[in-house]
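First up is the structure itself, then whatever we jot down about it.
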Amino acid sequence: MNSSRKIFFALLFLSSISILLFLSFNGYWSLTHGPLYFFIGDYIAAKYQLGSSIFVIDNNNIYTFQIGIAFLHALCIKLLKEYWYLLYIIIISCVWLLTTIKIHKKLSHFKLSKLDISLILLVIFFQPYNLNQIANFSNEAFYFPLLIYFFFFLIFFLYKFF
């Protein structure tokens, strides 16, 4: 992938994720479970222990196993305080950019044109489930690009042996 495509995808991811979070924070996108993870991260950043600042009573009990993204939220909150979302946008965009670069490299082995590869990558990123998870700043926003990468890695691995 040449540098102009990398810049294009980096700007696309940064702007798309920023717009999605803007829509979420301003009530234009329905939030589901993202705030729960944010408040767990907020509690971790403030008290250095597991808990949630969203509950008034019994804030030390967490009733979900999916708290991985809360540690990323805690890091972002600890480093940038009320501007935590800036670091979050950068991290998620970088994960998507690295995934895109790796998938582009894998797909180029199948003799696809650069335009076809770019369209495939755009379709993968702009699918509704992915956009919803990014807008909700939930676990899937981070690990979904990694799952996609490993899917393509597996396809390429099987293609080489069969």
Inset, instruction - Inspect the stretch 54-71 for any residue being surrounded by 18 or more Cβ atoms within 10 Å (Cβ to Cβ) and outside any loop (DSSP other than H, G, I, E, B) and give the result as yes or no. - result: yes
Legend entry - Looking only at the stretch 3-38, and only at residues there that are exposed (fewer than 13 other Cβ atoms within 10 Å of the Cβ) and modelled with pLDDT of 90 or more, the one that is nearest to ILE134 (Cα to Cα): SER15
Legend entry - Among residues of the stretch 114-130, those that are under 12 Å from TRP96 (Cβ atoms) and surrounded by 13 or more Cβ atoms within 10 Å (Cβ to Cβ), counted: 5
Inset, instruction - Among the candidates LYS111, LYS106, LYS81, single out the residue that is among the basic types (Lys, Arg) and at pLDDT 90 or above. - result: LYS81
Inset, instruction - Residue by residue through the stretch 1-52, note down the ones that are among the hydroxyl-bearing types (Ser, Thr, Tyr) and either in a helix (DSSP H, G or I) or more than 17 Å from TYR85 (Cβ to Cβ) (or both). - result: SER3, SER4, SER15, SER16, SER18, SER24, SER30, THR32, TYR37, TYR43, TYR48, SER52
Legend entry - the stretch 39-53 - residue that is buried (at least 21 other Cβ atoms within 10 Å of the Cβ) and small (Gly, Ala, Ser) and, of those, modelled with the lowest pLDDT: SER52
Legend entry - Subset of the stretch 105-154 [of a type in the set (Ser, Thr, Tyr), in a helix (DSSP H, G or I) and in contact with a Gly (Cβ under 8 Å, 6 or more places away or on another chain)]: TYR143
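The values are calculated or read from the model by the stated rules, or taken from the named source; none is laboratory data. Owing to the predicted nature of the structure, the values given are computational and were not obtained by experimental measurement. Glycine gets a Cβ as well: all are built from the backbone with ideal geometry, and neighbour counts include every protein chain shown.
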